[in-house]
Each structure stands twice: as C-alpha cells, then as structure tokens.
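Right, one structure below, let's go through it.
The values are calculated or read from the model by the stated rules, or taken from the named source; none is laboratory data. These numbers were taken from a predicted model, which means no experiment stands behind them. Neighbour counts run over all protein chains shown; Cβ positions are idealised from the backbone, glycine included.
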Amino acid sequence: MNFDFTPVWENIPTLISGTGYTLFIALFAAILSLVGGLVVALTTLYGKKIFSSPLRLFIWLFMGTPLLLQLYLLYFGLGQVGILIPALLTGILGLGIHYMAYNADIFRATLQSIDNGQTEAARSLGFGRMQTLWFFIVPQAIYRALPQLGNNMIIMLKDTSVLSVIGVSELVLNAQFEISNTFRPFEFYIAIAVIYYILNLMLETSLNLFEKKLEGKR
Amino acid sequence: MDFTLMWEITPLLLKAAWVTVTISVMAFILGLFVATVLVIMRSSSFRIIRWPARIYISVMRGTPFFVQLLIFYYGGSAFGINLDAYMAGLLAMGLNIGAYMSEAIRGSLVAVDSGQNEASRSLGFSRTQTMISVILPQAAGLMIRSLGVLSVILIKGSSLVSIISVVELTYQAQRIISSTYKPFEVFAVSAVLYLILIYGVISFVDWLYNRYTRYLFH
C-alpha cells in the first residue's frame, strides 16, 4: 500500500477549474430540463395531438434508454449527418434533454393531481383557459413537484461526471488528465469523489432550506 | 439509414445485450445482499454498528456511480489489487445499488403501520417472527415497486461499465461503429434493445405487484 496525496494538492487548480465546469454544466442543464420539462408536460396534457403524441414518444424513448447512449447518439450521430457541435454544448444539451423527459413525467403527474375544482372555480370566475392554467394550475403543480425535481437535480449533478466520456473537461476529465501525468489514479479519484460529495451535500441542504422557506410562505 | 447493416449487427448486439442482462442480474443479487446487511445494521441498538452503515449509504449515494466505478477499476492498484474489468464493474454496480436498495427496503418496512408490530409482539411473537411473518409480507408490495425502479436504474447504469471495457451492449455498439462508421444505425439498434429490456422489466414488476397485492388488499 502506498498513498501519496501530494500530487493532488499540487494540481488542485485543475480540479477547481473542473469543479467550476461541472457546476456551470449542471446549472444550464438544470434550467433547460426544468423549463423544457414544464413545456413538454403542458403540451402532452393540453396541446394539440400533432404536438402531444411526438412528445409522449420523446418521454418514453428518453426514459427507456441510458444517458450514455443518448450522449453518444447526440455527439457521434449528429456528426454523421454533418452537424458538429462542441462537446460542452453537446453535454449540456444531452444532460438537459435527458432530465427534461424525467421532469416532464413528474410535472405531468403533479399537473394531473391538481383538483378539478380549481379549474372549475377559476373558469366560473371568468378566467380564460390559458389564464386558469397559468395563474392557478401551474403554480400549484410546480409546488407539488419540488421535492421530486430537487431529487432529479441531485442525480443530475452526479451524472455530469459521465460527460467526461465525450470530452467535456469537467471534474472527471481534468482528474484523468492529471492522472496521466502523475500515475496516481486512486488518490485523484478519491479527491474528486470528496468534491462531488461536498457539492452534493451543499445542493441537498440548499434544496431543503428552499423548500422550508416556501412552506413558511404558504 | 442503412437497414441491411442494422439487420446484420443485430445478432452481435443481442449477444452483448445478454452480458448487460447477466451483469445487471448479478449486481441486483449482490445489491440485495448488501442492502439486507445494511438494513440489519441500521436497526441495531448499538451506535458502533449503526454508524458505519449510515456512512456507507451516505457516501455511496453522495458520489457519482461513474467515479466509484473508476475507483474500483483503476484505484485497486494502490492496494496491490487488480480486478478485471468485469469484476470491477459488477462490484461497483452491486455495492452502489445496495446502498439505494437498503433505503428502499427500510422505507417500505417503516411504511407498515407500527400497530402491526405492537399487536404481533403483544400476541407473543418474537422480534424475528414478527418481522418475517407480519411486517415483511405487508411491506413486500411497496418493496417490489421500489426495487423495480432501482433495477431499471441499474440496467441503465450498466451502460457505464463500457467505459472500463466490459463488452456489454454499449461497448459492443461502439466497437461496431469503429469499423462501420455508422453511429446512428448502430445506436438505434442498441437503443431498441435497451427499450425492450427496460420496458420489459417495468411490465414484469407491474405484473408482480398486481399479482402480489391482489390477495393482500381485497
């Protein structure tokens, strides 16, 4: 047994820059997946059939295949038809679209769980169909979806590590770069595991605080 | 779209899909074993036994599976242990899903009304008898559901072991692509195989749940 964590300390700037990228990717993928998920859910429930059926198929397909396969398909498959997008953008899109399907599924369930009386009351007070959705149904559905959405975001933060495979220089790839210089795989992987654990803990705590704060407002 | 190619590669991919199935099944069994131990440890009355289990679960759930996989495969050399790719993949999958499973099992046990436990104990059943013949049969319905969800996550996660060169569905797809340069067709076939696997498991779990709970609640 021989451990030597000094190479890790010497190369900590690389890991910090990787952490920055990981957070950047997670943030934009989260925005994409949340906004997109809500739009997809609303369309599948209330949209015209030409739009809702393909989106249902989208949810079904993306929830039934692994993220890695989707990333490869986006990165190499689009290359085959001549569309070349940079790895970072592919990563954000791939991760965002994957979790968009999961979030849409959650939004769909919570939108349907809102009592019909809410719609009836709003409609009989003279609100239009869109107004009813926007002012009454959607806010309640979002509130009910929050715990599960938070869960998904925690899983997504961890899944950013997979993007290293298509060459996005986030935490794992940066660590692998330093490993190829120092030949210390165990130490570096443990170090980034610790970083992920801390990030995860921070996200979990802030999500809990956010939910508590909202609860107080109601 | 090159349909003849898609037809030609199907047998190869089917063979690789079988590896995906076997590694997932074995990891599931390993995970169940780990989870049982963890659940028993967490219900212990000694803090020294409870805490290691809690730390294990927290670390396994708080760090990415991908990083754990890399630690198992590349990190072993720091201890003089060199696992082959298949073993490392299987261990990482089983030990990771075991942590999630223990939470699922504990959750379904806690969900059984505590009056059941009290009634059974006051009728003279021992703690073990109560667990086996009163609590477990009632918790099993919920357990089937949550373990079913985890088995789907397990199958999707198994695509990641392709990174450490275990020849399963995703790895085989990439290998075929490197000789045919047709990523879209190859990934489409493997996506179909994943869809069959995953929705097959989901319908099996639903069937099992319905069959089991039919006698329980009616």
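A few points about this structure:
- Hits in segment B:46-86 (condition: outside any helix (DSSP H, G or I), surrounded by 13 or more Cβ atoms within 10 Å (Cβ to Cβ) and more than 8 Å from chain A (Cβ to nearest Cβ)): B:83
- Inside segment A:51-84, residues that are aliphatic (A, V, I, L, M), more than 18 Å from residue B:169 (Cα to Cα) and surrounded by 14 or more Cβ atoms within 10 Å (Cβ to Cβ) make up a count of 3.
- Residue list for segment B:133-183, restricted to those being away from every other protein chain (no Cβ under 13 Å) and of a type in the set (Phe, Trp, Tyr): none
- Selected residue [within 14 Å of chain B (Cβ to nearest Cβ), assigned to a helix (DSSP H, G or I) and more than 30 Å from residue A:5 (Cβ to Cβ)] from A:151, A:208, A:200, A:174: A:151
- Scanning segment A:98-114 turns up no residue that is free of Cβ contacts under 8 Å to residues at least 12 places away in the same chain, farther than 18 Å from residue A:28 by Cα and not in a helix (DSSP H, G or I).
- Test for residue A:93: is it within 13 Å of chain B (Cβ to nearest Cβ) and either closer than 30 Å to residue A:133 by Cα or not aromatic (Phe, Trp, Tyr) (or both): no
- Criterion: surrounded by fewer than 19 Cβ atoms within 10 Å (Cβ to Cβ), free of Cβ contacts under 8 Å to residues at least 40 places away in the same chain and hydrophobic (A, V, I, L, M, F, W, C) - qualifying residue of B:196, B:202: B:196
- Exactly one residue out of B:204, B:125 is away from chain A (no Cβ under 14 Å) and not in a helix (DSSP H, G or I): that is B:125.
- Residue within segment B:172-185 that is part of a helix (DSSP H, G or I), surrounded by 14 or more Cβ atoms within 10 Å (Cβ to Cβ) and under 22 Å from the mean Cα position of the chain (by Cα) present: yes
- Selected residue (criterion: modelled with the lowest pLDDT) from residues of segment A:1-50 that are within 14 Å of chain B (Cβ to nearest Cβ) and touching a Lys or Arg at 6+ places or on another chain (Cβ under 8 Å): A:4
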